[in-house]
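Heads up: the structure comes next, in structure tokens.
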Amino acid sequence: MNTDELELTIEQKELLYLISRLTDHLNCPDTWVKETPLQALMFHAIRKGLFNDYDYAPISSSFLGQGRKFVNISKEGEDDLGDLRELGLLETIRLSSSKPDFITGYRPTIRSAKQLSQFTNEVKSRIDSLFICPKCNEPTFNLVIDVDSSSFLMKCKSCSYNEDIPLIEPEDVSYSTKAYFFKTLGKHKTPREDTK
Amino acid sequence: MTAVGNIGDVLTEVIKLKNVKIALIEWLPFDRNQLSALNIKLDSLHKRRGHIVTAIKDDSPENLIFKDSGVSCKVIVEDFQPSEYVSFHASLNFPEDAGIIQKEELSGHINSWGRVVYGADIVEVENSSDEWVSLDVLTRIIVDLTMDTSQMIDSLLTEYQRNLLDLVFMDESSKRSKYLLIMAEDISIRPETPDGFLDGEELQNEIEQVIGVLHKVEKIDDGYLIRGNVGQIVISNHVNEFEQTLLESGFSSAIKIFLDDYSAIIWHLWDESRLIEKDIDKAMLGDITSLTKAQNWIARASSDAIMLGDILSYLRDSISDFIEDLTKEDPTRLKDDPILLELKQIMNDSQITTKRVNDTQKVIHGLESKMMALRDFSNTLAEKHMRKLSDSMAQNTKSLSQMTESNNRASDALSIIELILAGSVIIDIVLVLVGEYAIPEWTWLGQLFSSGIGNLLIMLITVTLWIGVFVFLRLSKRKLESTAVKRQLGSNVIGKRCNVAALERFIEGRNVTLRNTDREGDSRIVTVTCEPSSKKDQPELDYITLLYDASERFLIQMDFETPDMTLDLDECYEHILKEMVGAGVFNNLDYDESC
């Protein structure tokens with residue numbers, strides 16, 4: 001496939017640039033970004049108004065080898081990661097970890113370099129703004145992971161300002177339910193013959 | 001696009017469902033005895049009234065009152081058979097975020113082979129005035145119901161069942177997933193063909209965030225059956241017709257979901273065993289820390305393997321009972337019924353699941369054998385280290401014995417010096433009295449010395465005094481020695497959970513002479529020696545030594561020493577313990593501290 005002819009959506013461009021920025025793939029070709037921190041940054045970016053077309057939802061998932069958690073994952077983001085792989089702009093690696101978990105790593109392919117060079121400054125600056133400290137305006141606002149407490153936060157190296165990323169905290173909505181009893185269980189049970 | 005609840009994003013809601021009913025299905029390790037115990041706990045015989053249920057245990061039978069954690073869940077039993085099943089109505093009242101109002105009422109059904117089904121009919125949703133609810137919002141509701149039902153059922157399970165679940169879900173059993181069945185009367189989008197839902201874009205994304213990877217979409221009756229790997233969505237006006245089949249296939253899938261987490265733990269144990277082999281290699285080279293680590297791991301893993309085996313037994317019995325229940329159906333009725341195919345599929349699924357259970361059991365057997373070998377090996381190493389330790393102790397004892405002998409010789413020499421010293425002292429005294437040199441002969445003393453009797457008398461007096469002083473010195477020395485060794489030492493293993501803050505306050509009120517902290521892994525063992533309090537009614541004690549694990553909040557041992565040989569050590573122990581109870585050392589519940 002000729003990568004010159006690819007028509008990427010704004011979100012796909014932002015995602016590819018984000019991964020490229022995290023891996024610094026031009027200078028460090030053997031660097032991969034792990035899926036969970038990437039999901040955390042995507043979630044953080046959505047909440048900051050980036051990745052305009054993306055939603056996220058809490059999905060039960062094995063998390064940092066510490067059992068299941070409800071992780072706020074963007075299915076649209078996952079879908080775009082798949083699309084970028086199919087377009088040959090991203091590649092993945094799978095490896096096991098010391099915890100009962102497998103890890104997926106992402107990095108841009110060599111073919112993506114030309115695409116990345118054509119991205120507008122607007123796309124790049126939107127993603128770059130994620131890493132600028134809102135307090136001291138220094139570009140030293142990076143993701144910090146504390147595995148033991150399963151916490152992700154953006155922390156400024158210069159002024160120590162930090163923002164929590166509630167990746168594993170499902171958000172709530174108000175609702176009410178009433179009990180629904182199934183006709184085929186307990187005293188409500190009716191024989192199968194009658195259920196046609 | 002709408003902003004709902006405390007969601008930090010503006011949702012793009014594409015698919016909506018009408019009049020939604022939700023079933024959450026899971027498998028839990030149950031048998032008839034446990035179900036019977038559950039019916040007793042729920043007080044099922046008095047089913048009309050219902051009870052608030054909690055997982056809190058009464059650890060203080062002597063107390064008049066107790067406090068709950070502020071979380072309540074009321075369960076009213078609708079129907080039960082003591083050791084077969086129980087169906088109940090539950091009202092959940094768990095704390096939610098500010099501004100969020102939830103009224104959660106649902107049905108629960110648990111049977112003796114561990115089939116657990118929760119049912120909820122969605123009555124009202126924020127920002128939705130009609131009967132429609134979007135999949136984006138529904139996802140949040142389902143996650144909330146999933147976690148709240150886990151919390152509710154936790155308060156109904158036995159400690160043993162909770163331990164089994166904590167093992168499989170790595171202490172995160174409250175976040176375990178359940179198989180999801182969504183039943184709705186209508187759907188807002190109807191593509192030209194069912195495969196239209198598999199667009200690889202927004203329709204599929206929205207569906208997949210609820211029911212996982214989308215397998216297939218079938219046209220049924222007047223709607224669709226949308227199947228994912230962790231749930232199904234059924235769209236039909238006659239959903240009741242499919243209810244039994246859906247619940248059966250749902251339970252089969254719930255077992256598979258459980259088995260996936262179960263298998264992950266087994267492989268994790270297997271992987272860890274390889275790392276432990278390396279620790280044993282290090283131990284062979286003399287690294288005792290590695291040996292301790294390996295032994296600790298083997299002890300834990302053995303216990304885990306036993307519990308995993310127990311879970312497997314429960315699973316096998318469950319599947320067997322499930323199959324038996326399915327085959328009870330009338331085959332003639334099912335011959336030309338479309339449900340028959342589904343049932344056959346479930347039967348096949350169950351058989352495949354049974355095979356997976358068997359395969360898993362083989363892995364566990366392998367793991368147990370390997371751990372047995374590792375344990376034997378580490379025991380051999382431990383014995384080797386013990387032998388080294390024993391040899392070292394024997395050598396030390398020998399040295400000590402030699403030192404004692406040397407000490408005895410020195411003591412004998414000292415006694416001889418003491419004897420000579422006593423003589424010198426007496427001679428000096430006598431010389432002071434009678435004078436060392438010439439005594440005038442005209443004095444009576446001079447005349448006495450000049451006579452033979454006088455000299456003899458003086459000598460007798462000198463020797464008598466010599467002996468007297470020697471005896472006095474010896475008796476004084478013995479008295480001092482006996483005073484030094486007269487001690488009563490009390491050593492008591494307590495082995496109780498304690499409130500570390502209160503214990504440290506108790507210690508701070510005394511003069512601390514020694515504090516030693518020893519960290520190993522997660523534990524922090526503290527040894528503190530302090531003087532007793534100086535109250536009048538106190539027994540005469542020299543010191544108290546307390547040994548406790550600060551991280552585990554566990555008071556291990558208490559030692560004390562008294563010079564008073566008439567004191568009853570048990571009374572001393574009771575006295576100190578009473579002081580500690582008074583200081584709140586054993587009030588170890590967190591909420592007591594906050595109240």
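What follows draws every value from the coordinates through simple rules; no lab data is involved. Because the structure is predicted, anything quoted here is derived from the model rather than measured. Methodologically, a virtual Cβ is constructed for each residue, glycine included, from the backbone with ideal geometry; neighbour enumeration extends over all protein chains shown.
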Handout entry: HN-Hα J in Hz across the stretch B:262-268 - Karplus 6.51, -1.76, 1.60, θ = phi - 60°, x for Gly and Pro
Key = 4, 5, 4, 5, 4, 5, 5
Completion exercise
Note, B:Asp166: beta-carbon cut-off 11 Å, +1 each Lys/Arg, -1 each Asp/Glu, net -3
Practice task
Please average, across the residues of A:75-82, the number of beta carbons from any other chain that are within 10 Å of each residue's own beta carbon, and give a whole number.
Solution key: 3
Exercise for the section: Output the relative contact order of the stretch B:184-250, whole-number percent, from Cα pairs under 8 angstrom with separation of 6+ residues. Expected result: 30 percent
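How would you classify the stretch B:162-265 from its alpha-carbon gyration tensor, with a ≥ b ≥ c the square roots of the eigenvalues: rounded for a/c under 1.5, else prolate if a/b is greater than b/c, otherwise oblate?
Prolate, because a/c is 1.5 or more and a/b exceeds b/c.
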Fill in the blank from the handout: So, over other residues within a Cβ distance under 11 Å of B:Leu546, counting Lys, Arg +1 and Asp, Glu -1, the net charge is 0
Completion exercise
Helix-only [θ] at 222 nm, chain A, -39500 (n - 2.57) per DSSP H run of 4+, per residue, nearest 500, equals -8500 deg cm²/dmol
Exercise for the section: Pairs to check: A:Lys34/A:Lys75; B:Lys16/B:Lys219; B:Lys362/B:Lys384. Give those whose C-alpha atoms are more than 27 Å from each other in this structure. Expected result: B:Lys362/B:Lys384
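Within the set of other residues whose C-beta is less than 11 Å from the C-beta of A:Glu163, count the net charge using Lys and Arg as +1 and Asp and Glu as -1.
+3
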Completion exercise
If unit charges are put on Cβ atoms (+1 for Lys and Arg, -1 for Asp and Glu) and the dipole of the stretch A:99-159 is taken about its Cα centre, the option from A:Ile103, A:Pro134, A:Gln115 lying farthest towards the positive end turns out to be A:Gln115
Problem - Net dipole in debye of the stretch B:494-553 [+1 Lys, Arg Cβ; -1 Asp, Glu Cβ; about Cα centre; nearest 20] - result: 220 debye
Fill in the blank from the handout: Here the cysteines of chain A without any disulfide-compatible Cβ partner under 4.7 Å are A:Cys28
Practice task
For the stretch A:137-150, just list the computed ³J(HN,Hα) in residue order, Karplus coefficients 6.51, -1.76 and 1.60, θ = phi - 60°, integers in Hz, with x standing in for Gly and Pro.
Solution key: 6, 8, x, 10, 9, 10, 6, 10, 10, 10, 5, 4, 9, 6
Problem - Subset of B:Lys398/B:Lys479; B:Lys293/B:Lys388; A:Lys48/A:Lys157; B:Lys67/B:Lys178; B:Lys18/B:Lys175 violating a 23 Å alpha-carbon distance limit - result: B:Lys398/B:Lys479; B:Lys67/B:Lys178; B:Lys18/B:Lys175
Practice task
Mind putting a number on the dipole of the stretch A:38-131 about its Cα centre? Charges go on the C-beta only, +1 for Lys and Arg and -1 for Asp and Glu, and I need it in Debye to the nearest 20.
Solution key: 380 debye
Completion exercise
Toy charge model, Lys and Arg Cβ at +1, Asp and Glu Cβ at -1: the stretch A:116-171 dipole around Cα centroid in debye, rounded to 20, equals 320 debye
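Within a 10 angstrom radius of the beta carbon, how do A:Lys124, B:Lys398, A:Lys183 rank from fewest other beta carbons to most?
Numbers: A:Lys124 17, B:Lys398 10, A:Lys183 14.
The most exposed by this proxy come first: B:Lys398, A:Lys183, A:Lys124.
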Practice task
Give me a single rounded figure for B:136-146: the average over its residues of other chain Cβ atoms within 10 Å of their Cβ.
Solution key: 5
